[in-house]
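The structure appears right after this line, and notes come after that.
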Amino acid sequence: MLRLPDRRAVVMGGLAGLTAAPALAAPRFDAVLSSKPDPRAMRHFPTLAAALDAAPAEDGKPFCILVRKGTWREQVTVTKPNVHLVGEGQGASVIVFNAYAAGRNRPGGPSEIATVTVLAPGFQARRLTIANDFDYPGHMPAEVDYDRTGASGAQATALKLGKGSDRAYFEDVALTGWQDTLFTDAGRSLFRRCYISGCVDFIYGMGVAVFDHCEIRSRTRPGKDFHGFIAAPDTNRKQPYGLVFLDCRLTRDADMPDHTMALGRPWRHTMTFPDGRYGNPDAVGHAAFVRCWMDRHIVPEAWYPMHYNLKGGRRAMYQPEDARLFEYASRGPGAGKPSGRRRQLTASEARKYTIPNLLSGWDPA
């Protein structure tokens, strides 16, 4: 049974009902140049940003930061290698912010929407929550004919693994949000016994990310008859693996109706090329759900198409059959029947889906 954060952190308002701890003279973060939070060698910092600034730029040792109990409203970027964040419990130590995509374009808006952005290798997080509590239900975009969830503006990322990130490891961590909760944009990452919640494309990107025995919670979009997509891989065609879910549980909010959430859709990220801006033609998304339990909120066809921009500005739909989207040994009421769209790995193919193989030889065990 997974240990989840307080349910107040994952209902309608995200973490909006929880207020940040008042400013205190006492430090809230302790750090030590060690793989474990040793009290005898701790240095004390009033903010997480200050603790991150103190991390050495070159030292190969882990820089361990103890995130004390509390709800800390702060937006940070990790630029130093081998930073480890260790909380005092998944529901006890909470890092939260509320930046969102449309707000980024306003004067004085943030340059990055993620609560925590990682741009360096060797990052780890344990026993804490990273959340984005932007009021998505109050700002849901109107639906358009090519997108049943509405076109952008309300993306609000909790965690981004960006350029420079690699070998990122998470254990007993909750990532909570709505649209675009987890952005795995680069490198290799492993999530063990984590809890990840959202609704629209809430696990997405071109990085290689493996989810091992995690709970993937789909959240209800109030007033809508369709609630979104779990995975949106943007995997390069030369990369054999993308977003892989091993022995996970796909659950839903109590008020989510049956058959209203897709496993995912292939993403073709719009990029700037010498001859214009259009969807990356080298993106052939890969996602696989291997031995996962699925509740009945998963639609029978499992995968949906996604729009993208062609050269010249026209719009097209990227069909699931043109990407690499698979299942193997799914079970539960949402497992459904194999079909042309619901493609299955063979037993011999599934045997290759081991953590060291998926992560190109890296296994942090």
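The values are calculated or read from the model by the stated rules, or taken from the named source; none is laboratory data. Please read all numbers here as calculations on a predicted model, not as lab measurements. Glycine also receives a Cβ, built like all others from the backbone with ideal geometry; neighbour counts cover every protein chain displayed. The accessibility values were calculated without ligands, DNA or RNA, using every heavy atom of the protein model including side chains. Shrake-Rupley method; radii C 1.70, N 1.55, O 1.52, S 1.80 Å.
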#### Entry: Gain in span if fully extended, Y146 to R43, counting 0.36 nm per residue against the direct Cα distance
31.8 nm
### Task
Pop a pseudo-label 7 angstrom from the Cα along the beta-carbon direction at both H269 and Q344 and give the gap in nm to one decimal.
3.4
### Query
So for the pair N357, M317, with labels modelled 7 Å out along Cα→Cβ, what separation do we get in nm?
3.5
### Message
Tell me the carbon and sulfur percent of the accessible area for the chain, rounded to whole percent, probe radius 1.4 Å.
### Response
52
### Query
Roughly what would the spin-label model give for E301 and H213, points 7 Å off Cα along C-beta, in nm?
3.6
### Message
If I model the chain as equal point scatterers sitting on the Cα atoms and use the Debye formula, what is log10 I(q)/I(0) at q = 0.09, 0.11, 0.12, 0.15 Å⁻¹?
### Response
-0.47, -0.72, -0.86, -1.35
### Query
Using only Cα atoms, what is the ratio of the radius of gyration of segment 118-221 to 2.2 N^0.38 Å?
1.08
### Message
Which trypsin sites (Lys or Arg not before Pro) in segment 168-264 sit in a loop by DSSP (not H, G, I, E or B) and have at most 13 other Cβ atoms within 10 Å of their own Cβ?
### Response
K238
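A 32 angstrom limit on the alpha carbon distance is what I want to check against. Which of K163/K352; K160/K238; K160/K352; K61/K163; K163/K224 exceed it?
In this structure, K163/K224 lie more than 32 Å apart at Cα.
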### Query
Which part of segment 341-365 falls in the paramagnetic zone of D247, meaning amide N under 17 Å from the point 7 Å along Cα-to-beta-carbon?
350-359, 363-365
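Which FRET efficiency, nearest 0.05, do K61 and N236 yield, Cβ-Cβ r, R0 25 Å?
Working: r = 33 Å, r/R0 = 1.31.
The value I calculate is 0.15.
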### Task
Write out the trypsin sites (Lys or Arg not before Pro) in segment 261-365 meeting two conditions: DSSP loop, and at most 10 other Cβ atoms within 10 Å of their Cβ.
R314
### Message
Taking the solvent-accessible surface of protein heavy atoms with a 1.4 Å probe, what is the per residue accessible area of the chain in Å²?
### Response
41
